[in-house]
Amino acid sequence: MTRASTTALLAAAAESGTAVGAFNVIHLESAEAIAAGAEAAGLPVIMQISENCVRYHGALAPIALATRAIADAAAVPVALHLDHATDTALVDEAIGLGFDSIMYDGAHLDYDANCATTAEVVRRAHDAGIAVEAELGEIGGKDGAHAPGVRTDPAEAVEFAALTGVDALAVAVGSTHARLERTSELDLTLIARLAEVVPVPLVLHGSSGVADDELVRGVAAGMRKVNVSTHLNAVFTAAVRKALTANPVLVDSRKYLAPAREAFAAEAARLLTLLAGEDRE
């Protein structure tokens, strides 16, 4: 199947009042699991490669090309997205590699610098037909530096979208990055207000710490892209631990990575179904 346009996936989600799941690729097994989960659910998905993932692998191209091959072979629409890139050179490389969208993270900059740098990234990406997501209002937990009470101001978000021309906006509404406990409470009133006034789809980062019912409420309030990484990594790692505990002398990595990949895929399928507003049974 031809790879999906991130913009088209978000537009369809907005039209239907649902959200697209965006799951992070850490290694080949997670990319395969995301595709398998999406196929099992019969739903589209966004595969994300973060700047941290690039550092782990030492380069963008190898993991990106492998992930793109998996996306191209999937039986459902799959978009390829660069996540949380602070390095504009990495953004340019992703554009050259044919990513469907990129997220430039200028939230560490002051507001004016974030606007100016993001606008320039948008110009270059749009010239290549690639959508851009940006972030406004620090999301709690990122690099341990953000206060959990930070919230995106609606008026500032409207102005930022107009000044930069971004195609999607990640907003601070109560979630926290890298959270293992699913206890975060979303500011549903703020989400609804942002969805009413911001002219581009809203993105929820730090969704691993948000319970199912709260995710459903967040989508109903207006979130259109939901990023999940830590929660799926925890499912994967738990399956690895289970396999190694059951067989302490196991040395063939395929024997513990395969069940971990299956567990990841099953949870990815469940989350996609949840975000699509379909039967949770």
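Some observations on this one:
- Filtering Pro44, Pro148 for residues that are touching a strand residue (DSSP E or B) at 6+ places or on another chain (Cβ under 7 Å), open to solvent by 30 Å² or more (accessible area, probe 1.4 Å) and modelled with pLDDT under 95 leaves a single hit, Pro148.
- Of all residues in the range 16-34 being buried (at least 24 other Cβ atoms within 10 Å of the Cβ) and aliphatic (A, V, I, L, M), the one that is farthest from Asn52 (Cα to Cα): Ala19
- Some residue of the range 212-221 being at pLDDT 95 or above, touching a Pro at 6+ places or on another chain (Cβ under 7 Å) and open to solvent by 10 Å² or more (accessible area, probe 1.4 Å): no
- If only residues of the range 85-111 that are assigned to a helix (DSSP H, G or I) and among the acidic types (Asp, Glu) are counted, the one that is farthest from Phe160 (Cα to Cα) is Glu93.
- Meets criteria (within 24 Å of Ala64 (Cα to Cα) and among the hydrophobic types (A, V, I, L, M, F, W, C)) for Ala79: yes
- Residue count for the range 203-220 satisfying the condition of being under 14 Å from the mean Cα position of the chain (by Cα), more than 18 Å from Leu9 (Cβ to Cβ) and assigned to a helix (DSSP H, G or I): 2.
- Verdict on Val240 being β-branched (Val, Ile, Thr), more than 15 Å from Ala172 (Cα to Cα), open to solvent by 50 Å² or more (accessible area, probe 1.4 Å) and touching a residue at least 12 places away in the same chain (Cβ under 8 Å): no
- Test: residue in the range 112-120 that is buried (at least 21 other Cβ atoms within 10 Å of the Cβ), within 17 Å of Val166 (Cβ to Cβ), in contact (Cβ under 8 Å) with a residue 24 or more places away in the chain and aliphatic (A, V, I, L, M): no
- So Thr67, is it in a loop (DSSP other than H, G, I, E, B) and either open to solvent by 10 Å² or more (accessible area, probe 1.4 Å) or among the β-branched types (Val, Ile, Thr) (or both): no
- Total residues in the range 248-281, condition loosely packed, with under 12 Cβ neighbours inside 10 Å and over 18 Å from Gly21 (Cα atoms): 7
- Condition check for Asp105: buried (at least 21 other Cβ atoms within 10 Å of the Cβ), closer than 20 Å to Ala59 by Cα and not hydrophobic (A, V, I, L, M, F, W, C): yes
The values are calculated or read from the model by the stated rules, or taken from the named source; none is laboratory data. Keep in mind the model is a prediction, meaning the values are calculated, not measured. When we count neighbours, we look across all protein chains shown, and the Cβ atoms used for this are built from the backbone with ideal geometry, even at glycine. Surface accessibility is based on the protein's heavy atoms, side chains included, excluding ligands, DNA and RNA. Shrake-Rupley method; radii C 1.70, N 1.55, O 1.52, S 1.80 Å.
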